[in-house]
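Structure, as structure tokens:
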């Protein structure tokens with residue numbers, strides 16, 4: 001068949017067979033211990049690891065809502081579609097194990113595009129030990145992707161439940177911290193959509209675009225946080241301000257964020273200095289980890305991350321008693337004075 005063949009010419013079952021070949025590349029873990037049946041039957045079958053709990057998450061990406069094909073390659077789309085779900089599993093303190101992917105595309109899309117999409121899936125799945133075990137393909141008026149990932153907690157100690165990271169585990173007096181740096185993805189999106197910064201440093205621009213197109217789920221960092229006793233965390237998908245609000249509501253606390261401590265991505269500060277803090281606070285899609293815990297626990301976690309070569313853990317604020325009135329999340333300057341800022345992405349709002 002021609003290299004320009006469309007998915008309509010190949011047909012549903014031909015497309016599934018082609019994707020199965022792509023997902024069986026050396027980068028994908030394939031049939032791991034515990035996985036009994038992968039792609040090829042009506043459903044996948046696996047045996048859970050003893051003394052663990054299963055964790056499941058799902059996410060959808062819709063063309064012209066979450067991505068645009070004129071700024072996103074099919075490879076990057078495959079990578080990001082799975083990576084954002086791996087991030088959700090990691091944010092629970094679990095390890096991703098298996099994924100299923102549903103893909104809807106118009107019939108005129110080239111088969112080679114779908115193969116690139118599959119390679120992106122396989123590469124990020126292979127990097128984080130996630131086997132792609134099934135899914136579905138359908139005709140759709142635009143590109144739509146739905147990914148479901150199943151993960152497992154760390155094994156439980158005898159007589160205890162497995163350890164988890166949860167939004168509701170924050171306590172008044174806990175410090176608030178984030179992994180890595182923030183705002184790079186928002187800066188990358190600006191560049192992809194045509195923004196022209198005054199400083200045209202190509203290396204900084206490429207770093208921002210890569211942060212948006214190929215996010216890094218903090219799977220290993222999350223496992224280290226759990227091992228050091230952190231119990232309150234979530235991933236930063238909708239911006240530090242918006243996600244801090246979710247922790248505040250779940251834990252029934254207030255959050256004070258110190259603007260001077262927020263770790264702004266260096267490439268963002270270089271290319272968009274005037275907007276860097278606002279993008280770091282509210283830009284979203286960083287897929288770093290936001291966590292809270294006692295000072296000694298976070299200090300131990302920071303040391304463990306540094307020892308393993310993981311991104312640094314930076315204290316950015318603290319949890320306080322829930323305010324009687326006003327916003328739960330407040331940003332203050334170096335002198336403790338409130339700053340008027342807003343941000344965080346919310347679906348169904350313009």
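Just so you know, all these numbers are worked out from the coordinates, no wet-lab data involved. Treat the numbers as computed from the prediction; the structure is a model and nothing was measured. Cβ: placed from backbone, ideal geometry, glycine included. Neighbour counts: every protein chain shown.
DSSP bridge analysis restricted to the chain gives an antiparallel fraction near 75%, rounded to the nearest 5. For the chain, modelled as a Gaussian network with Cα springs under 10 Å, which listed residue fluctuates most, 110, 211, 200? So, out of 110, 211, 200, the one fluctuating most is 200. Stretching the chain fully between residue 51 and residue 168 yields a gain of 39.8 nm (0.36 nm per residue, less the alpha carbon separation).
Computed from label points 7 Å out along Cα-Cβ, the spacing between residue 274 and residue 108 is 4.0 nm.
Each DSSP beta bridge with both residues in the range 167-339 is either parallel or antiparallel, and the antiparallel ones are about 80%.
The residue 71 and residue 138 beta-carbon pair, evaluated with R₀ = 22 Å, returns a calculated FRET efficiency of approximately 0.35. Is the range 167-339 best put as rounded, prolate or oblate by its Cα gyration tensor, with a ≥ b ≥ c the root eigenvalues, rounded for a/c under 1.5, and otherwise prolate when a/b is larger than b/c, oblate when not? It is oblate, given that a/c is not under 1.5 and a/b is not larger than b/c.
Computed packing ranks the peptides 141-147, 173-179 as 173-179, 141-147, most packed first, by mean other Cβ atoms within 10 Å. Seen through its C-alpha gyration tensor, with square-root eigenvalues sorted a ≥ b ≥ c, the range 63-107 comes out prolate because a/c lies at 1.5 or above while a/b is bigger than b/c. Length gained on full extension, residue 37 to residue 303: 91.7 nm, using 0.36 nm per residue less the C-alpha separation.
Between 55, 150, 65, the GNM of the chain built on Cα springs shorter than 10 angstrom shows 65 fluctuating the most.
Using C-alpha pairs below 8 Å separated by at least 6 residues, the relative contact order for the range 92-235 is 32 percent. Here the relative contact order of the chain, from alpha carbon pairs under 8 Å that lie six or more residues apart, stands at 20 percent. Think of it as helices only: each DSSP H run of n ≥ 4 in the chain is worth -39500 (n - 2.57), and spread over all residues that comes to -10000 deg cm²/dmol at 222 nm. With the alpha-carbon atoms of the range 69-207 aligned to their principal axes, the span from lowest to highest coordinate is 56, 44, 25 Å, starting with the largest.
Looking at the chain as a GNM with Cα springs under 10 Å, which of 191, 279, 208 has the largest mean-square fluctuation? Its mean-square fluctuation being the largest, the pick is 191. Between residue 334 and residue 148, the FRET efficiency from the beta-carbon distance, with R0 = 41 Å, is close to 0.40.
A Förster distance of 35 Å, applied to the separation of the beta-carbon atoms of residue 246 and residue 196, puts the FRET efficiency at 0.55.
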